Amino acid sequence: MNSDIILNIVRFILLVLAQVLVFNHIDFLGFINPYIYILFILLYPIKKENRAQFLFLAFLIGFFVDLFSDTGGVNAAASVCIAYIRPVVLKFAFGNIYEYQIIKISNTPIGQRVVYLIIMILIHHLILFGLEIFSFSNILSILKNTLFSSVFTVFLCLLIIPLLRKAKS
Amino acid sequence: MQNIIAFFIRNRNFFFFLALLSLSLVFTFQSHSYHRSKFINSANWLTGGVYESVNNISSYFDLKEQNQKLVEENLRLRNLILNQGENTVDSLIKDSTNNLLNYRIKSATVIKNSYNKTKNYILINKGKKDGIKQDLGVITTNGIVGIIDNTSSGHSTVQSVLNSLSEINAQLKNTSHFGTLEWDTKKRNIVQLTDIPDLANPQVGDTIITGGMSTIFPKNIPIGTIMDFKFDDSENYYIINVKLFNDMTSLEHVYIIENMNTDEIKQLENLTNEQ
């Protein structure tokens with residue numbers, strides 16, 4: 001239990017720093033940046049009783065990324081939203097196993113994992129770019145940004161998830 | 001009553017979610033309006049400190065290129081000094097000889113640059129304790145960069161010209177017709193000059209400079225050249241695409257311009273408005 005808390009704190013700090021110092025400056029093809037900090041939300045231990053704490057931490061990580069990248073509150077809003085809908089998406093992606101509260105994302109079959117990642121990341125990016133650009137006349141640019149960045153983020157997340165797995169003792 | 005309390009307790013997560021969501025939306029919409037993003041900006045000690053220490057390392061990588069830029073600028077300024085008398089119109093400090101400075105200039109280093117969003121902010125390593133205030137103009141040797149937005153004691157954020165909120169007074173160098181410089185968020189080296197009246201007759205390649213209408217930038221700071229333009233029939237105004245002189249993706253040394261007469265001009269304007 002204790003090591004779980006420490007692991008999450010370390011993960012929180014590392015992901016924020018990696019996001020603002022490295023991944024915000026990739027500019028692939030000029031505008032595509034991955035948002036890998038949401039791995040914190042995607043991989044947060046699945047337990048029903050500490051829902052409020054999870055929502056708060058999701059808000060906090062989005063808030064810190066906003067603080068560093070001068071984006072107001074768009075990352076915080078998107079993070080809180082996907083944190084809130086996560087149980088629904090988990091149930092949709094993993095079906096009944098989720099009910100037993102025993103799954104770990106890094107041990108799930110690749111197909112279900114990809115579905116889970118794609119749904120969560122698409123929703124996150126849509127809210128993120130929708131709020132950031134915030135105009136109906138630029139709806140095409142919102143969709144374009146969402147699509148391309150999502151592909152990039154999903155790809156990177158699939159690569160990073162095995163790296164973040166705790167070493168088995 | 002008990003039912004209501006029970007209802008709140010049952011749905012406490014939902015209400016907590018709503019509270020957090022509305023808090024972040026408040027932050028978002030504050031950042032959508034000019035000069036209201038007081039809480040969330042990177043000019044605080046934490047983010048400023050992190051960016052500063054990272055920049056200490058990364059600034060070594062383009063040291064050579066930046067040195068070259070500074071040498072070129074020195075060259076230009078030396079030329080200006082040696083040829084003074086013929087070319088005094090170009091100098092920023094007009095009355096430097098008789099102790100009546102119109103503009104005070106400070107230097108700063110960019111420690112975080114951003115150009116891939118729709119609202120871009122740049123972080124520089126000077127703040128309140130160096131005399132930086134909101135609404136001062138920021139330029140480089142080549143042209144304008146933006147306007148100071150928020151300041152902390154040691155850092156400031158600059159609202160870049162590549163920001164959909166920015167509106168800068170600019171004019172055609174040849175004909176002195178002035179308009180507003182905006183950014184349509186499409187390309188990071190092209191900004192739009194709008195509200196140029198139909199009599200202006202712009203030509204491709206003409207130079208655009210800052211106008212003297214606002215107290216933020218002095219007149220005659222270069223901005224860019226006209227790339228193309230179209231005439232808006234319904235509004236009777238030209239919309240001009242301006243190619244920036246500045247490469248906004250590679251900024252290191254910038255200058256902050258403080259207009260010493262701002263207060264006087266503001267007072268005068270208020271006086272006129274009251275009458």
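Considering only residues in segment A:20-53 that are open to solvent by less than 10 Å² (accessible area, probe 1.4 Å) and farther than 15 Å from B:Lys117 by Cβ, the one that is farthest from the other protein chains (Cβ to nearest Cβ) turns out to be A:Leu39. For B:Val71, only one of the following conditions fails: (1) modelled with pLDDT of 85 or more; (2) more than 30 Å from A:Ile32 (Cα to Cα); (3) surrounded by 11 or more Cβ atoms within 10 Å (Cβ to Cβ). What is its number? Among (1) modelled with pLDDT of 85 or more; (2) more than 30 Å from A:Ile32 (Cα to Cα); (3) surrounded by 11 or more Cβ atoms within 10 Å (Cβ to Cβ), the lone unmet condition for B:Val71 is (3).
Considering (1) under 22 Å from B:Val26 (Cβ atoms); (2) open to solvent by 20 Å² or more (accessible area, probe 1.4 Å); (3) among the hydroxyl-bearing types (Ser, Thr, Tyr); (4) away from every other protein chain (no Cβ under 11 Å), the lone condition that A:Ser3 does not fulfil carries the number (1).
For every residue, the table says whether it meets (1) away from every other protein chain (no Cβ under 14 Å); (2) within 14 Å of the chain's Cα centre (by Cα); (3) modelled with pLDDT of 90 or more; (4) open to solvent by 40 Å² or more (accessible area, probe 1.4 Å).
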| residue | (1), (2), (3), (4) |
| --- | --- |
| B:Leu92 | yes, no, no, yes |
| B:Ser96 | yes, no, no, yes |
| B:Ile122 | no, yes, yes, no |
| B:Gly137 | yes, yes, yes, no |
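Given segment B:1-77, what helices (runs of 4 or more DSSP H) lie entirely inside it while holding 3 or more residues that are within 10 Å of chain A (Cβ to nearest Cβ) and of a type outside the set (S, T, N, Q)? It would help to see each step written out before you state the result.
On the way: elements: B:2-10, B:12-32, B:45-58.
Where helices (runs of 4 or more DSSP H) fall fully within segment B:1-77 and carry at least 3 residues being within 10 Å of chain A (Cβ to nearest Cβ) and of a type outside the set (S, T, N, Q), they are B:12-32, B:45-58.
Against the list (1) buried (at least 20 other Cβ atoms within 10 Å of the Cβ); (2) under 29 Å from A:Lys144 (Cα atoms), the condition B:Ile148 fails is (2). Within segment B:190-197, identify whether any single residue is assigned to a strand (DSSP E or B), within 28 Å of A:Ile26 (Cα to Cα), within 14 Å of chain A (Cβ to nearest Cβ) and open to solvent by less than 20 Å² (accessible area, probe 1.4 Å), and answer yes or no. Yes; the residues of segment B:190-197 include at least one that is assigned to a strand (DSSP E or B), within 28 Å of A:Ile26 (Cα to Cα), within 14 Å of chain A (Cβ to nearest Cβ) and open to solvent by less than 20 Å² (accessible area, probe 1.4 Å).
Number of residues in segment B:188-198 that are closer than 12 Å to B:Val161 by Cα and not aliphatic (A, V, I, L, M) equals 3.
Do we find a residue being free of Cβ contacts under 8 Å to residues at least 40 places away in the same chain and part of a loop (DSSP other than H, G, I, E, B) anywhere in segment B:258-275? Walk me through how you get there before you give the answer.
Here is the first cut: in segment B:258-275, the ones free of Cβ contacts under 8 Å to residues at least 40 places away in the same chain are B:263-264, B:267-275.
Adding the requirement that they be part of a loop (DSSP other than H, G, I, E, B) leaves B:275.
Yes, segment B:258-275 contains at least one residue that is free of Cβ contacts under 8 Å to residues at least 40 places away in the same chain and part of a loop (DSSP other than H, G, I, E, B).
Only one of A:Val65, A:Val88 is under 22 Å from B:Lys112 (Cβ atoms), more than 9 Å from chain B (Cβ to nearest Cβ) and either of a type in the set (A, V, I, L, M) or out of contact with any strand residue (DSSP E or B) (no Cβ under 8 Å at 6 or more places or on another chain) (or both). Can you tell me which? Unique residue meeting the criteria: A:Val65.
When segment A:17-64 is filtered for residues that are touching a helix residue (DSSP H, G or I) at 6+ places or on another chain (Cβ under 7 Å) and not hydrophobic (A, V, I, L, M, F, W, C), the ones remaining, listed by number, are A:Gln19, A:Asn24, A:Asn33, A:Pro34, A:Tyr35, A:Tyr37, A:Tyr44, A:Pro45, A:Arg51, A:Gly62.
The values are calculated or read from the model by the stated rules, or taken from the named source; none is laboratory data. Treat the numbers as computed from the prediction; the structure is a model and nothing was measured. For neighbour counting, all protein chains shown are included, and Cβ atoms are generated from backbone atoms with ideal geometry for every residue, glycine included. Note: areas computed on protein heavy atoms with side chains; ligands, DNA, RNA excluded. Shrake-Rupley method; radii C 1.70, N 1.55, O 1.52, S 1.80 Å.
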